[in-house]
């Protein structure tokens, strides 16, 4: 029987390699060894994704490889999800989407996955989401937060319109806003009235948790 | 030329006549505030001050009034029946409204119409004109006025204005639009502001009519001004459209009067009134205001008003003994024995006979209540014209088992008026306040002192100490919270605990002192009796200026007429255009957009200030740009304020 460390390392490597079959094997091992499913996700799969993210940032990995890794991660997630302890790490519902005019959704999908791995209830509106749709969905599902991303400088300003809609309808500060995407900086996030900004998916989970705790 | 400033407070309406050239106080006067009809107390104080000054009516060039009438009306839930037309709101519950009941806002009926705009000022959906026509037709016979509030109307008021025009074509009832009273986002707050404004217009209208009638009878043709919650003035024409802006006008007048009388730019103003002590701060010559809007009776509005803290400690605070036998002052307000004895001439007899210094009487609100036989008997017993002691009430209703419970419930709901011993009574005994019945005050004070086993003199000292302690503590808390931020409420209570120890000197041999950096100016009749001690506790200077007892009336007169308009210039990235809101004025360059905004801002503010009665108008422009590194200009918020002295040209007859 493999040790816990071996299993976590195995999960991480399978995700890095984008090897779905091996990832499945290690996920099953984690379940059989009663390893905490959340730990398997965060210390195993998520570490692998982080490595891929770093490689991508450094220009050492390309989008197809990231997608393979994401596949491996989603597969293990599906297996581990039923074993996640009921106690959510960051309870809450977030409405997510790529802002109107922009179709780049890989980043958003990775953040979504990370949030789901942390048992956050994610309502995904997909890409090219009209600004009114965010606020309407928030009301419909009584969400705690909105997560928006954009890869285009011409579109990111629409985030301010979404925040304005929340303010106009009295939904802020109750509904928290977090933003991300390649051209987005912390300063930009602050200036449009967002409550949180994360440079990557792992950080996004922490930011969400912080916002939900009201810290 | 001379000006008359009048301020109606909780108990008294003060009036002052000043020379408008050198701001010399010529005469001052005081009359009881008349809650049944505010104009009576106002006219009475006006007559007194005119008589005292010997100034002929044609020499009066300005009359200015600070009144709590609007505030009281809103708190008491009075006002006209309003039809509310909401535009473009899909979820009514978000603006505190349930379409079936419409009980959450004080409106008679609500119609939700398709339409409204987006954050970019572009129409979100075309206005359902047929729906508007139908709603107006339906409401017309049932309402006294209309409030209209549309989504993003501050970015584009077109739909609100269309509805307003449509209503104006069918009737002459007042129509208030959200964007007219507020320039910032938040449809809930704008709707509340518009509804409350529409509701109290008839109430302010009646007051103005009566005061104007009285002025005319006395041969005064000077303009009549009302003080706004931020201390600025507006004439009757504008006050009738923006009645809501008179909320908080009392505290505004007192802080402006205090600042003026102290001739200081950094000062804490304390106005010790009958019901409350109002504390406000002036920094660098600017009165601290609540920019997000005043909250009144639980309603969050968008009315800009002075940031004043009201401590439930004043001349008419109840002096009482708690269950543990400790002497307490406030926060409950009671009618002082010295004044109650004038309204109820048998009161002294009752004090002597019952050995009690506390009596109850039904408040006006209670006399109107309709209830079961039991409640009606209860009301009948307390509302006989004579006050009764609680024991007397229990005796008369001895067959009612729940009388204690009933009393408590009605008392907590504010239906019971109380008469009792107050600091005002103690001031009467000391000869500091000569308006009421000194004997009744003395009888009450001696009875209460006897219960505690002390002399009336000792009672006076102890009550004073408690008052000074409370005011000092509140002031330290306020000053502290003004600069400090706490990560949690436990930290905050810990700090307040320390301040309490410091103020009460309860640290054993350890002596810690607080120092307030600005002097305290005392306003209100009893200011000289408390403020010097409060200042001493805080190692600062007390300023008790001459005429402090009419400080709020002075503040009502010396304000300027002002009007502010707000604009937003936003860069739209997709097109690289600069768009000016409200409206949607599109420019390809920033500078022409700014020029256009300033020109429009000055025109709008100038016209509004002139209409509100300003002369010699000057402008102040506040511009806040948002620039982000690497991205450059994002948007600019521009406020244009037009300010001027009140024009002394005679009002329209």
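The values are calculated or read from the model by the stated rules, or taken from the named source; none is laboratory data. The shown structure was predicted, so the numbers you read here are calculated from the model rather than taken from an experiment. A quick note on method: Cβ atoms are made from the backbone with ideal geometry, for glycine too, and the neighbour counts reach across all protein chains shown.
Can you name the residue in segment B:553-578 that is assigned to a loop (DSSP other than H, G, I, E, B) and within 27 Å of the chain's Cα centre (by Cα) and is also surrounded by the most Cβ atoms within 10 Å (Cβ to Cβ) among such residues?
Quick first cut of segment B:553-578, residues assigned to a loop (DSSP other than H, G, I, E, B) only: B:559-560, B:573-576.
Imposing the further condition that a residue be within 27 Å of the chain's Cα centre (by Cα) reduces the set to B:559-560.
Numbers: B:559: 27, B:560: 18.
Out of the qualifying residues, it is B:559.
Identify, please: which residue in segment B:49-93 is within 14 Å of another protein chain (Cβ to nearest Cβ) and touching a residue at least 40 places away in the same chain (Cβ under 8 Å) and is, among those, surrounded by the most Cβ atoms within 10 Å (Cβ to Cβ)? Working first, answer last.
We begin by selecting, within segment B:49-93, every residue within 14 Å of another protein chain (Cβ to nearest Cβ); these are B:86-93.
Adding the requirement that they be touching a residue at least 40 places away in the same chain (Cβ under 8 Å) leaves B:86-89.
On the way: B:86: 24, B:87: 29, B:88: 23, B:89: 23.
Ranking the candidates gives B:87 first.
Per the conditions (1) modelled with pLDDT of 90 or more; (2) over 30 Å from residue B:87 (Cα atoms); (3) assigned to a loop (DSSP other than H, G, I, E, B), the sole criterion not satisfied by residue B:185 is (2). Counting the residues of segment B:15-30 that are surrounded by fewer than 22 Cβ atoms within 10 Å (Cβ to Cβ) and touching a helix residue (DSSP H, G or I) at 6+ places or on another chain (Cβ under 6 Å) gives 3.
Taking the condition assigned by TED's automatic domain parsing to the domain that holds residue A:26 and assigned to a helix (DSSP H, G or I), does residue A:48 pass?
Details: assigned by TED's automatic domain parsing to the domain that holds residue A:26: yes; assigned to a helix (DSSP H, G or I): yes.
Considered against the rule, which asks whether it is assigned by TED's automatic domain parsing to the domain that holds residue A:26 and assigned to a helix (DSSP H, G or I), residue A:48 comes out as yes.
Counting only residues that are more than 10 Å from chain B (Cβ to nearest Cβ), closer than 21 Å to residue B:629 by Cβ, without any contact (Cβ under 8 Å) to a residue 60 or more places away in the chain and out of contact with any helix residue (DSSP H, G or I) (no Cβ under 7 Å at 6 or more places or on another chain), segment A:164-188 holds 1 of them.
Taking segment B:138-178 as the search range and keeping residues that are free of Cβ contacts under 8 Å to residues at least 24 places away in the same chain and assigned to a helix (DSSP H, G or I), which one is farthest from the other protein chains (Cβ to nearest Cβ)? First the steps, then the outcome.
Our first condition is that a residue be free of Cβ contacts under 8 Å to residues at least 24 places away in the same chain; within segment B:138-178, this holds for B:141, B:161, B:164-165, B:168-169, B:172.
Restricting the remaining residues to those that are assigned to a helix (DSSP H, G or I) gives B:161, B:164-165, B:168-169.
On the way: B:161: 18, B:164: 20, B:165: 24, B:168: 26, B:169: 29 Å.
Only one residue fits best here, namely B:169.
One residue alone among A:161, A:195 is at pLDDT 90 or above, at the interface with chain B (Cβ under 9 Å from one of its Cβ atoms) and crowded, with 17+ Cβ neighbours inside 10 Å, and that residue is A:161.
Of all residues in segment B:623-636, none satisfies being within 19 Å of residue B:234 (Cα to Cα), without any contact (Cβ under 8 Å) to a residue 60 or more places away in the chain, more than 14 Å from chain A (Cβ to nearest Cβ) and in a strand (DSSP E or B). In the set B:181, B:196, only one residue is in contact with a helix residue (DSSP H, G or I) (Cβ under 8 Å, 6 or more places away or on another chain), under 30 Å from residue B:44 (Cβ atoms) and more than 14 Å from chain A (Cβ to nearest Cβ); that residue is B:196. Tell me yes or no: at least one residue of segment A:122-137 is more than 12 Å from every other protein chain (Cβ to nearest Cβ), surrounded by 19 or more Cβ atoms within 10 Å (Cβ to Cβ) and at pLDDT below 90. No: segment A:122-137 contains no residue that is more than 12 Å from every other protein chain (Cβ to nearest Cβ), surrounded by 19 or more Cβ atoms within 10 Å (Cβ to Cβ) and at pLDDT below 90. If the condition is being in contact (Cβ under 8 Å) with a residue 40 or more places away in the chain and either under 18 Å from residue B:626 (Cβ atoms) or over 30 Å from the mean Cα position of the chain (by Cα) (or both), then segment B:582-608 contributes B:583, B:584, B:590, B:594, B:597, B:598.
Counting the residues of segment B:137-186 that are more than 30 Å from residue B:639 (Cβ to Cβ) and surrounded by 17 or more Cβ atoms within 10 Å (Cβ to Cβ) gives 4.
Residues in segment B:379-395 that are under 12 Å from residue B:360 (Cβ atoms) and at pLDDT 80 or above: B:387, B:388, B:389, B:390, B:391, B:392, B:393, B:394.
Let's see how each residue does on (1) within 14 Å of another protein chain (Cβ to nearest Cβ); (2) at pLDDT 95 or above; (3) more than 23 Å from residue A:175 (Cα to Cα); (4) touching a helix residue (DSSP H, G or I) at 6+ places or on another chain (Cβ under 8 Å):
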residue: A:106; (1), (2), (3), (4): no, no, yes, yes
residue: A:113; (1), (2), (3), (4): no, no, no, yes
residue: A:143; (1), (2), (3), (4): yes, no, no, yes
residue: A:150; (1), (2), (3), (4): yes, no, no, yes
residue: A:155; (1), (2), (3), (4): yes, no, no, no
